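Student: Here you go, one structure.
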């Protein structure tokens, strides 16, 4: 299974995008600012989106949230990166927030986040249970 986040142009404080599973639109995303880390940008702790790239995905226990969440692994310079629910970049410290509603794709907000996350979590869990490789491509 390939999960792909296609980022739209963000601002100094946040980046919005769309998440696809195997090429099909799944939900909207909000992240911290994309500071171009893959091309030499500077990371600001808890305010910078992960670099563009391809990462393995698993589901593991989050010490922060105290529950099983989707984990983005092998992100250089980051630890504990998750895909989880929330409504804006204020709800993340480098993680990816998902939502099923985004009335304006330039305002650092998504709605229907718990519904979007549960749907995504279920699909990832099913793929992993079937021993499929799950990756996240951030573009």
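The values are calculated or read from the model by the stated rules, or taken from the named source; none is laboratory data. Being a predicted model, the structure only gives us computed values, none of them experimental. Neighbour counts run over all protein chains shown; Cβ positions are idealised from the backbone, glycine included.
Student: Condition check: within 20 Å of residue 2 (Cβ to Cβ) and either assigned to a strand (DSSP E or B) or without any contact (Cβ under 8 Å) to a residue 12 or more places away in the chain (or both). Does residue 120 satisfy that? Before you say what the answer is, go through the steps one by one.
Tutor: Working: within 20 Å of residue 2 (Cβ to Cβ): yes; either assigned to a strand (DSSP E or B) or without any contact (Cβ under 8 Å) to a residue 12 or more places away in the chain (or both): no.
Judged against the criteria, residue 120 is not a match.
Student: On to the next question. If you check 31, 118, 26, which single one turns out to be surrounded by 22 or more Cβ atoms within 10 Å (Cβ to Cβ) and either touching a helix residue (DSSP H, G or I) at 6+ places or on another chain (Cβ under 7 Å) or more than 18 Å from residue 138 (Cβ to Cβ) (or both)?
Tutor: Criteria check complete, one pass: 31.
Student: Select from the range 76-85 the residues that are touching a helix residue (DSSP H, G or I) at 6+ places or on another chain (Cβ under 8 Å) and in a strand (DSSP E or B) and write down the one among them that is surrounded by the fewest Cβ atoms within 10 Å (Cβ to Cβ).
Tutor: Step by step, filter the range 76-85, then rank; the result is 84.
Student: Is it true that residue 13 is outside any strand (DSSP E or B) and touching a strand residue (DSSP E or B) at 6+ places or on another chain (Cβ under 8 Å)?
Tutor: In short, yes.
Student: Mind counting the residues in the range 86-115 that are in contact with a helix residue (DSSP H, G or I) (Cβ under 8 Å, 6 or more places away or on another chain) and either closer than 14 Å to residue 18 by Cα or part of a strand (DSSP E or B) (or both)?
Tutor: 6
Student: Checking residue 105 against (1) touching a strand residue (DSSP E or B) at 6+ places or on another chain (Cβ under 8 Å); (2) modelled with pLDDT of 95 or more, which test does it fail?
Tutor: (2)
Student: Give me a count of the residues in the range 44-75 that are modelled with pLDDT of 95 or more, in a loop (DSSP other than H, G, I, E, B) and loosely packed, with under 12 Cβ neighbours inside 10 Å.
Tutor: 2
Student: Does residue 96 satisfy the criteria of being under 16 Å from residue 14 (Cβ atoms), touching a residue at least 40 places away in the same chain (Cβ under 8 Å) and buried (at least 16 other Cβ atoms within 10 Å of the Cβ)?
Tutor: Against the criterion (under 16 Å from residue 14 (Cβ atoms), touching a residue at least 40 places away in the same chain (Cβ under 8 Å) and buried (at least 16 other Cβ atoms within 10 Å of the Cβ)), residue 96 qualifies.
Student: Scan the range 16-43 residue by residue and report those that are assigned to a loop (DSSP other than H, G, I, E, B) and touching a residue at least 40 places away in the same chain (Cβ under 8 Å).
Tutor: 32
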